[in-house]
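Below: the structure, in structure tokens.
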Amino acid sequence: IKAWWRELALQLETNAGVLDLATGNGTVPASLLDANAELNITAVDRADIDPLRYLADPGPLKSVVFRGQIDVCSLPFDDESFDAVTSQFGIEYAPHEPAVVEAARVLKQGGQLQFLLHCDDSEIVQPARRRRAEMNALLTDGNVLPCLRSFVAGERDAAELEAVGKAHLESEGDHTQGVTGQIYTGVNKVVGFVRQGDRRAAAELCETMVLRLTADRDRLLALEAAAMDEAGFEAFVGRIEAAGVSVDVACALCANEGADDEFKIGWKCRGSKA
């Protein structure tokens, strides 16, 4: 992935202006600046981002202008403001057509557009799909977390809760330490609170577990929805070209390319504004 961004950074002139869309914590700006420290990067995100606040040593990111609460479908920049527009696993979450039109609008004539997009059969999305299914099972009515709520409310006893937990572990599907293992650790803590007579603490922990797991599951659902199959990617590229950007690279980005253990990371797309 870093090599993909390095290619772009080395093509850009000193002090070129770059706009990174859906930047998150600034992964793309960091990669670009690692290869070309003289770039002027503005990084935007729909969330209220402030990465520099949480970094003890921001390094090259200290030169990046981060702006939160920015909708990529309605960018607050003039036409032809940037020499390059980038996004890594971000722009595809937005409605495709208006997001692409806006990206092309703020790109200068001859400017570079470069994206890395989620692919539905990548080694990022496939494991996420399995984790989401594991989370969903734990949250399903009659399964572990709903039963835990009933236990805390005094509607089920410990033996019933234990039976549900055992049945879940014997069911099909993944039961990883990172998901099921952590939930079962939390269940044991909730049971401990109840046995100590502290149902308030038990209820608070139970609800926190449900809310966090639900949020994680929904985040993975959004990832699955954003990921594109080949036809979807071709349609996305078509929107880019319809917006006035001539695409010269549109294919899968793979790790260990050509080897027996090759695997897909995502879709890569690059073009220039005519």
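The values are calculated or read from the model by the stated rules, or taken from the named source; none is laboratory data. Because the structure is a prediction, the values reported are computed rather than measured. Glycine gets a Cβ as well: all are built from the backbone with ideal geometry, and neighbour counts include every protein chain shown. Surface accessibility is based on the protein's heavy atoms, side chains included, excluding ligands, DNA and RNA. Shrake-Rupley method; radii C 1.70, N 1.55, O 1.52, S 1.80 Å.
Data for the structure
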{"read-out": "Cβ-derived FRET efficiency at R0 22 Å, A47 paired with A3, nearest 0.05", "value": "0.20"}
{"read-out": "Where labels lie 7 Å past Cα in the beta-carbon direction, separation of F263 and A153 in nm", "value": "4.1 nm"}
{"read-out": "R0 of 22 Å, Cβ-Cβ distance E160-Q196: FRET efficiency to nearest 0.05", "value": "0.65"}
{"read-out": "Sequence-separation-based contact order of the range 121-217, relative, with Cα cut under 8 Å and 6+ spacing, percent", "value": "33 percent"}
{"read-out": "Antiparallel %, DSSP beta bridges [both residues in the chain], to 5", "value": "45 percent"}
{"read-out": "Interchain or long-range residues, amide H under 5 Å from V249's placed H", "value": "R270"}
{"read-out": "For the range 180-190, Karplus couplings with θ = phi - 60° (6.51, -1.76, 1.60), whole Hz, Gly/Pro x", "value": "4, x, 5, 5, 5, 4, x, 4, 4, 5, 4"}
{"read-out": "With every protein chain in place, the chain: carbon and sulfur % of accessible area (1.4 Å)", "value": "46 percent"}
{"read-out": "Dipole of the chain, positive direction: furthest Cα of S87, T176, S74, with charges on the beta-carbon", "value": "T176"}
{"read-out": "Most mobile of Y184, Y54, Y93 in a GNM of the chain (Cα contacts under 10 Å)", "value": "Y54"}
{"read-out": "Rel. contact order, % - alpha carbon contacts under 8 angstrom, at least six apart, the range 1-109", "value": "29 percent"}
{"read-out": "Residues of the range 254-274 with amide N under 14 Å of the 7 Å Cα→Cβ point at S246", "value": "271-274"}
{"read-out": "Rg/Rh ratio calculated on Cα atoms of the chain (Kirkwood radius)", "value": "1.09"}
{"read-out": "Pairwise FRET efficiency - T14 versus Y54, Cβ, R0 = 41 Å, nearest 0.05", "value": "0.90"}
{"read-out": "Heavy-atom accessible area per residue - the chain, 1.4 Å, Å²", "value": "51 Å²"}
